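Step one of this worksheet: look at the structure below.
What follows draws every value from the coordinates through simple rules; no lab data is involved. Values in this document were obtained by computation on a predicted structure and should not be read as measured data. Note: ideal-geometry Cβ built from the backbone for every residue, glycine included; neighbour counts use all protein chains shown.
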């Protein structure tokens, strides 16, 4: 946020300590339904994970990356996460210094429906589950 004072950041789910910069609004934990409008109008998503190499699996199984991708958003995420979609803008977890450049890369990337390829909707999941259940009978 300090590297991009002209951009407003909306932070969900994170436990923020101390006061936030003036361009940051912290919402804390919220139901997914209340976050959707923000995702629909966002320019990019941030995955601010603080991980060790042994914890990477936690981020890989997170719905956050899938939600951002489904919404067509570029994503700023730690370089430790083996994320292979074209919407990734990786930052160095061990001390990124080029934050403005990373943010500008995400903004320049813009939204794309191609980022959501292969992500199932809830309808797809339900259909596959029912199909699998019917095949076993």
(message) At a 10 Å Cβ-Cβ cut-off, how would you order 16, 99, 122, fewest neighbours first?
(response) 122, 16, 99
(message) Can you give the FRET efficiency to the nearest 0.05 for residue 32 and residue 132, using r as the Cβ-Cβ distance and R₀ = 30 Å?
(response) 0.75
(request) Averaging sequence separations of C-alpha pairs under 8 Å and six or more residues apart, then dividing by the length of the stretch 9-135, give the relative contact order as a whole percent. (result) 20
(request) Would you mind checking the tilt of helix 32-41 against the longest principal axis of the Cα atoms of the chain, expressed as 0 to 90 degrees and rounded to 10? (result) 60
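Pulled fully out, how much extra length does the chain show between residue 51 and residue 3, if you take 0.36 nm times their separation in residues and subtract their Cα-Cα distance?
Computed gain between residue 51 and residue 3 is 15.1 nm.
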(request) Fewest Cβ neighbours within 10 Å first, please rank 27, 49, 57 accordingly. (result) 57, 27, 49
(request) For the chain, list log₁₀ I(q)/I(0) at each q in 0.10, 0.21 Å⁻¹, using the Debye formula over Cα point scatterers of equal strength and ignoring solvent, two decimals each. (result) -0.38, -1.48
(request) Enter the Cα centre distance for the pair the stretch 1-40 and the stretch 91-132, rounded to the nearest angstrom. (result) 18
(request) Would you mind ranking 10, 41 so that the residue whose beta carbon has the fewest other beta carbons within 10 Å leads the list? (result) 41, 10
(request) Working from Cα positions, state the angle (0 to 90°, nearest 10) between the long axis of helix 99-109 and the longest principal axis of the chain. (result) 40
(request) In a Gaussian network model over the chain where Cα atoms closer than 10 Å are linked, find which of 72, 13, 95 has the largest mean-square fluctuation. (result) 95
